[in-house]
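Peer 1: Below you'll find the structure I mean.
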Amino acid sequence: MAADPIVAIATAPGRGGIGIVRVSGAELAPVIEGLLGAHVDRLRPRVALYAPFLDASGAPIDEGIALFFPAPHSYTGENVLELQGHGGPVVLRLLVERCLQAGREIGLRIAEPGEFTQRAFLNDRLDLAQAEAVADLIDASTELAARSAVRSLAGEFSRRVHALHDGLVELRMLVEATLDFPEEEIDFLQKADAGGRLGRLQQDLDQLLAQSRQGAVLRDGLNVVLVGAPNVGKSSLLNALAGEEIAIVTAVPGTTRDRIAQAISVDGIPLNVIDTAGLRPTADEVERLGIERTLAELARADAVLHLVDANRPGADADVMEQVAARIGRGVPLLTVVNKIDLTGQVPGVDGDRVLLSARTGAGVDLLRDELKRIAGWERDTSAETLILARARQVQALERARSHLAAAAGHAARRDAVLDLLAEELRLAGNALAEITGEFTADDLLGVIFSRFCIGK
């Protein structure tokens, strides 16, 4: 049964020079004829047609370019009509309403979030990893993230996953051949170097997983929370990391009373740096609420920077007690000794302590390097090696690695149970197939595409 035809505005909300309305479905003739009128005879596949877009009475709503992409050579794999007009929100709304009116007889409706890309996936125009790369490209916050998303959209990530999957299938065939012919004197596994193949698959998977983990950091960013007593320089450090005056800096303790979040980029890594209210006992109701919000931020942190004054490095033990009670398990904690310009100390790194001056900038680059280390960032990381992976994709790779490790354990035993070896290889293959959507539950697909914007 064919899906309902759908329509949506495909450009971002607000005013712009150009706005696009996209329609997709098996049969679009009523919409095309209703919007273009007599000009429909001049419409050719994949050729731009400049024409007025007409309302029900034949009066022009707008003038622009109409493009028709016949199935299956379109974004969704269905017939697709794009109307490119002026980017005013009122004009675009009128075009959508006119499309719905003209397409009432064919059941045209407003698209759900991500429905165009979901149809591209269901019609084999994109696999699931490529479909998710569409959203990642739109949401990319750094140049490195955008370039990595383009590579995934072009199919680089999918090709590597398919190569691993194909290798697993071949190895599993060898194992099952041995199971089917146990009486043969030829040892299929030994002759075909099954152990060597399994080892190479593990190496390739480990490399892909490492690149995907870094890509996950690149995609989601690192939430870095600044905590400390009042007037230790948290706002000054935020400004130094951002390279601009984001937060107000004064000598008055308690100036920052609410969280200040700033997205910055460190060598292509997006960092969400959160400056918080200074932690101290206070009777001020507003400041007390700010402190409570500070403690709440700790539960969502990927890394915590505890700032101390170089003149009084051990003066806030009570702050550390509050931080330790709220920080998540395994979250890295760096102590940043600030104001070394007042003590004459030299910038440096000593274990989990970084000595710097936020005012002069001395040692701030050392802190940036430590944040990259926490993120697992390699020095030679580039768009050509990164995989802009999502959490579910990383988890699938981790499950595949776990199954391969179990398979290697079975293969190494003298009394290897080949049934168990074959089963672990099958489960590893299924985990990889989840990434590209060849082995994915329908409810998961619904969650994935619901997070897309309408019009994609």
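The values are calculated or read from the model by the stated rules, or taken from the named source; none is laboratory data. Here the structure is a predicted model, which is why all the values come from computation and not from measurement. Quick reminder, even Gly has a Cβ in these numbers, built from the backbone with ideal geometry, and neighbours come from all protein chains shown. Heavy atoms of the whole protein, side chains included, go into the accessibility calculation; ligands, DNA and RNA do not. Shrake-Rupley method; radii C 1.70, N 1.55, O 1.52, S 1.80 Å.
Peer 1: Take the stretch 378-394 and flag every residue that is in a loop (DSSP other than H, G, I, E, B), more than 11 Å from residue 152 (Cβ to Cβ) and either open to solvent by less than 20 Å² (accessible area, probe 1.4 Å) or at pLDDT below 65 (or both).
Peer 2: Passing the criteria: 378, 379, 380, 381, 382, 384.
Peer 1: Can you find a residue that is within 23 Å of the chain's Cα centre (by Cα), more than 23 Å from residue 207 (Cα to Cα), of a type in the set (A, V, I, L, M, F, W, C) and open to solvent by 30 Å² or more (accessible area, probe 1.4 Å) anywhere in the stretch 117-125?
Peer 2: Yes; the residues of the stretch 117-125 include at least one that is within 23 Å of the chain's Cα centre (by Cα), more than 23 Å from residue 207 (Cα to Cα), of a type in the set (A, V, I, L, M, F, W, C) and open to solvent by 30 Å² or more (accessible area, probe 1.4 Å).
Peer 1: Can you tell me which residue is farthest from residue 102 (Cα to Cα) among those in the stretch 49-63 that are in a strand (DSSP E or B) and open to solvent by 40 Å² or more (accessible area, probe 1.4 Å)?
Peer 2: Among them, the one singled out is 50.
Peer 1: Could you list all residues from the stretch 103-116 that are surrounded by 15 or more Cβ atoms within 10 Å (Cβ to Cβ) and either within 22 Å of residue 46 (Cβ to Cβ) or under 33 Å from the mean Cα position of the chain (by Cα) (or both)?
Peer 2: Selection gives 103, 108, 109, 111, 112, 113, 114, 115, 116.
Peer 1: Would you be able to say whether some residue in the stretch 64-80 is in a helix (DSSP H, G or I) and within 26 Å of the chain's Cα centre (by Cα)?
Peer 2: No, because not a single residue in the stretch 64-80 is in a helix (DSSP H, G or I) and within 26 Å of the chain's Cα centre (by Cα).
To keep it simple, each residue is scored yes or no on (1) modelled with pLDDT under 75; (2) more than 19 Å from residue 400 (Cα to Cα).
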{"residue": "140", "(1), (2)": "no, yes"}
{"residue": "148", "(1), (2)": "no, yes"}
{"residue": "151", "(1), (2)": "no, yes"}
{"residue": "158", "(1), (2)": "no, no"}
{"residue": "162", "(1), (2)": "no, no"}
{"residue": "166", "(1), (2)": "no, no"}
{"residue": "177", "(1), (2)": "yes, yes"}
{"residue": "186", "(1), (2)": "yes, yes"}
{"residue": "190", "(1), (2)": "yes, yes"}
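Peer 1: I need the full set of residues from the stretch 82-115 which are closer than 16 Å to residue 20 by Cβ, in contact with a helix residue (DSSP H, G or I) (Cβ under 9 Å, 6 or more places away or on another chain) and part of a helix (DSSP H, G or I), in order please.
Peer 2: 95, 98, 99, 115
Peer 1: Just the residues that are surrounded by 19 or more Cβ atoms within 10 Å (Cβ to Cβ) and either modelled with pLDDT of 75 or more or polar (S, T, N, Q) (or both), please, taken from the stretch 270-279.
Peer 2: 270, 271, 273, 274, 275, 276
Peer 1: Would you be able to tell me the number of residues in the stretch 12-48 that are surrounded by 16 or more Cβ atoms within 10 Å (Cβ to Cβ) and within 32 Å of the chain's Cα centre (by Cα)?
Peer 2: 7
Peer 1: Now a separate question. Could we say that residue 34 is small (Gly, Ala, Ser), within 28 Å of residue 138 (Cβ to Cβ) and either in contact with a helix residue (DSSP H, G or I) (Cβ under 9 Å, 6 or more places away or on another chain) or in a loop (DSSP other than H, G, I, E, B) (or both) here?
Peer 2: It is false that residue 34 is small (Gly, Ala, Ser), within 28 Å of residue 138 (Cβ to Cβ) and either in contact with a helix residue (DSSP H, G or I) (Cβ under 9 Å, 6 or more places away or on another chain) or in a loop (DSSP other than H, G, I, E, B) (or both).
Peer 1: Find the residue count for the stretch 312-323, including only residues that are surrounded by fewer than 12 Cβ atoms within 10 Å (Cβ to Cβ) and at pLDDT 70 or above.
Peer 2: The total comes to 2.
Peer 1: Being of a type in the set (Gly, Ala, Ser) and outside any helix (DSSP H, G or I) is the filter here; which residues of the stretch 119-153 pass it?
Peer 2: Matches in the stretch 119-153: 140, 141.
Peer 1: Right, here's the next one. For the subset of the stretch 192-231 comprising residues that are touching a residue at least 40 places away in the same chain (Cβ under 8 Å) and in a loop (DSSP other than H, G, I, E, B), which member is nearest to residue 162 (Cα to Cα)?
Peer 2: 221
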